[in-house]
Ligand code: NAI
Ligand code: MG
């Protein structure tokens, strides 16, 4: 049966970059003789205008019936600025995350050798860097469960005293197990190594985390694994990034470490991500795939945005929700080929490179894919 893919382009550069990712998915159909059912719906500002809400119930229901969601970006204003009152575009993403229970956030970090110059690290440190972060997304410190202090902002939680605030870091075995298991499964399809990051010398949630990792690891004897303290990991990411294969960690550590690791590549426009949910699909797990960047209102509508983050997100979708690893690899190699040939969008422009717009970059990836 055909896989169904829901595309939610959203705001700003979202529609520009997802249009290129869609072209690449069409090229995958042609090149590999596959057929996808592809739908597209409004989210964000256009949905608010047309349907009165950032994501309608109908759209949500159609997402629930698809195998995967390819998401652009939502948000109209530079971060930090908030419109007053009324529905906000960001609510689309919040609702999708909450109701689908996405618990694992994947971020592959693989700087192209031809772009080492765009990174802040020396090329000899970057050589061979190819890792996937698996960040727990549904629990931990960001979901502290204590009640807020009456009369205080809801962000400030109860300690019994007015002059204190507390956050709680709670993990259940089940929450740890499912994300760790996803990490081991991903590692089994890669170089077969998991680094589990925690702070077990001071946090009891990390002690539990380690125990669960040791147990899940027994299900995967072919995958090597290690425990690493988060502070050590922060150093090693910039000293010896090529040593990592799959890194799995809890929510807060993952938030910080993924931002650190993203600096190993040149630009936020290059980076894809996946959020995996609990439902199994025919080829893997239901998930939401999106570039790491936002709606970039400063460059929207100018055919300037780098579509590679969105295109590589489509590759992740093929691999993790549709079970099409070969097709995913072909997309990644096509991107690598175009970048190696010196074509760059302005965000990653270096001297000697050929600057192309969003559409031409997409077209070149399609051409490379069809010629493979
Ligand atoms: P942003 O990622 O949209 O932009 C940050 C900077 O990176 C800007 O200078 C932008 O021009 C540049 N940039 C982003 N994507 C690019 C691309 N594909 N190619 C070239 N350059 C690119 O983050 P910002 O400015 O903090 O947020 C803008 C809006 O996006 C806000 O409304 C924010 O809430 C929303 N946002 C949405 C996200 C999502 O939908 N998942 C994630 C992050 C932000
Ligand atoms: Mg962050």
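Give the number of residues within the range 198-230 that are out of contact with any helix residue (DSSP H, G or I) (no Cβ under 9 Å at 6 or more places or on another chain) and free of Cβ contacts under 8 Å to residues at least 24 places away in the same chain.
The total comes to 7.
Taking residue 101, is it modelled with pLDDT of 90 or more and more than 13 Å from the chain's Cα centre (by Cα)?
On the way: modelled with pLDDT of 90 or more: yes; more than 13 Å from the chain's Cα centre (by Cα): yes.
Yes: the conditions hold for residue 101.
Only residues that are assigned to a loop (DSSP other than H, G, I, E, B) and in contact (Cβ under 8 Å) with a residue 40 or more places away in the chain: list them for the range 331-349, please. Quick ask: steps written out before the conclusion?
Of the range 331-349, the ones assigned to a loop (DSSP other than H, G, I, E, B) are 341-342, 345, 349.
Listed by number, the residues that qualify are 342, 345.
For the range 239-251, indicate whether the set of residues that are surrounded by fewer than 20 Cβ atoms within 10 Å (Cβ to Cβ), within 16 Å of ligand 1 (Cβ to nearest atom) and within 22 Å of residue 316 (Cβ to Cβ) is non-empty.
Among the residues of the range 239-251, not one is surrounded by fewer than 20 Cβ atoms within 10 Å (Cβ to Cβ), within 16 Å of ligand 1 (Cβ to nearest atom) and within 22 Å of residue 316 (Cβ to Cβ), which makes the answer no.
Identify, from the list 31, 88, 26, 107, the residue that is surrounded by fewer than 21 Cβ atoms within 10 Å (Cβ to Cβ) and either touching a strand residue (DSSP E or B) at 6+ places or on another chain (Cβ under 9 Å) or assigned by TED's automatic domain parsing to the domain that holds residue 130 (or both). Reasoning before the result, please.
On the way: 31 fails: either touching a strand residue (DSSP E or B) at 6+ places or on another chain (Cβ under 9 Å) or assigned by TED's automatic domain parsing to the domain that holds residue 130 (or both); 88 fails: either touching a strand residue (DSSP E or B) at 6+ places or on another chain (Cβ under 9 Å) or assigned by TED's automatic domain parsing to the domain that holds residue 130 (or both); 107 fails: surrounded by fewer than 21 Cβ atoms within 10 Å (Cβ to Cβ).
Among 31, 88, 26, 107, only 26 is surrounded by fewer than 21 Cβ atoms within 10 Å (Cβ to Cβ) and either touching a strand residue (DSSP E or B) at 6+ places or on another chain (Cβ under 9 Å) or assigned by TED's automatic domain parsing to the domain that holds residue 130 (or both).
Output the number of residues of the range 303-330 satisfying the condition of being touching a residue at least 40 places away in the same chain (Cβ under 8 Å) and farther than 18 Å from residue 71 by Cα.
8
Go through 181, 135 for me and flag whichever is touching a helix residue (DSSP H, G or I) at 6+ places or on another chain (Cβ under 8 Å), in a strand (DSSP E or B), at pLDDT 85 or above and in the same structural domain as residue 256 (by TED's automatic domain parsing). Spell out how you get there, then give the answer.
Numbers: 181 fails: in a strand (DSSP E or B).
Answer to the check: 135.
Among 70, 93, which is assigned by TED's automatic domain parsing to the domain that holds residue 283, in contact with a helix residue (DSSP H, G or I) (Cβ under 9 Å, 6 or more places away or on another chain) and crowded, with 17+ Cβ neighbours inside 10 Å? Give the derivation first.
Numbers: 93 fails: in contact with a helix residue (DSSP H, G or I) (Cβ under 9 Å, 6 or more places away or on another chain).
Answer to the selection: 70.
I'd like to know if the range 287-305 contains one or more residues that are at pLDDT 95 or above, crowded, with 16+ Cβ neighbours inside 10 Å and more than 16 Å from ligand 1 (Cβ to nearest atom).
No: zero hits.
Having 3 or more residues that are within 11 Å of ligand 1 (Cβ to nearest atom) is the bar; report the helices (runs of 4 or more DSSP H) wholly within the range 1-112 that clear it. Give the steps one after another, and end with the answer.
Numbers: elements: 14-32, 45-51, 57-64, 91-100.
Qualifying helices (runs of 4 or more DSSP H): 14-32, 91-100.
Please count how many residues of the range 350-372 are surrounded by 15 or more Cβ atoms within 10 Å (Cβ to Cβ) and part of a loop (DSSP other than H, G, I, E, B).
Number of matching residues: 3.
The rows are residues; the columns are (1) away from ligand 2 (no atom under 16 Å from the Cβ); (2) modelled with pLDDT of 95 or more.
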site: 189; (1), (2): yes, no
site: 202; (1), (2): yes, yes
site: 208; (1), (2): yes, yes
site: 213; (1), (2): yes, yes
site: 216; (1), (2): yes, yes
site: 224; (1), (2): yes, yes
site: 265; (1), (2): no, no
site: 273; (1), (2): no, yes
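Table: residues versus (1) in the same structural domain as residue 9 (by TED's automatic domain parsing); (2) touching a strand residue (DSSP E or B) at 6+ places or on another chain (Cβ under 9 Å).
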residue: 240; (1), (2): no, no
residue: 245; (1), (2): no, yes
residue: 249; (1), (2): no, yes
residue: 253; (1), (2): no, yes
residue: 270; (1), (2): no, yes
residue: 284; (1), (2): yes, yes
residue: 287; (1), (2): yes, yes
residue: 290; (1), (2): yes, yes
residue: 298; (1), (2): yes, no
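The values are calculated or read from the model by the stated rules, or taken from the named source; none is laboratory data. Computed from a prediction, not measured in an experiment: that's the story for all the values here. Here Cβ is always computed from backbone atoms with ideal geometry, including for glycine, and neighbour counts include all displayed protein chains.
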